[in-house]
1. Against the longest principal axis of the chain, how steep is helix 5-31, in degrees 0 to 90 to the nearest 10, with axes from Cα atoms?
2. Step through the residues of the range 94-104 one at a time and calculate ³J(HN,Hα) from phi using the Karplus curve (6.51 cos²θ - 1.76 cosθ + 1.60, θ = phi - 60°), rounding each to whole Hz and writing x for Gly and Pro.
3. What are the ³J(HN,Hα) couplings of the range 60-76, residue after residue, when phi is run through the Karplus curve with 6.51, -1.76, 1.60 and θ = phi - 60°? Round to Hz, x for glycine and proline.
4. Across 10 Å bins from the origin, how do the percents of Cα pairs in the chain run, short distances first?
5. Calculate for the chain the 222 nm mean residue ellipticity that helices alone would give, adding -39,500 (n - 2.57) per DSSP H run of length 4 or more and normalising by residue count, nearest 500 deg cm²/dmol.
Amino acid sequence: MFRNLGDMAGLLTQAKKFEKEMKDLNERLGWARVEGDAGGGMVRVVCNGRQDVLSVEIDPAIVDPSETAMLEELILAAVNTARRKAQELAKEEMEKLARDMGVPPGLLTRGAMGA
């Protein structure tokens, strides 16, 4: 009846370790930086690894009131590029964590990263 208690204790220990590793990973992703640009660098967007947009930089040479539609498109393209890079970074870090903890490849990233 009690022979599986050791296995349960081991699983609980592993789960607590995994929870701490996930918290640490989330913190590291918050400090990571990825950049997206559009229009040959005229618009730059920086995101962290959690996909939060941290900054938008616009080359003053392209700010012309008659060109707002183009500017909006460039900002959209730069934000999406930075966001994709942030997703890739998060996926890589999740896969590394899973590999280090012995979790089968793809198990965490399938549901956790929206893939």
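1. The angle comes out near 10 degrees.
2. Whole-Hz 3J(HN,Hα) from phi for the range 94-104: 5, 5, 5, 4, 4, 4, 5, 9, x, 7, x.
3. x, 5, 9, 7, 9, x, 7, 10, 4, 4, 5, 4, 4, 5, 5, 5, 4
4. Histogramming the chain at 10 Å steps yields 13, 31, 23, 16, 9, 5, 2, 1 percent.
5. Details: 3 runs with 67 residues, N = 115.
Rounded to the nearest 500, it is -20500 deg cm²/dmol.
Here, each number is a calculation from the coordinates, and none is a lab measurement. Keep in mind that this is a model prediction, so the values were computed, not measured.
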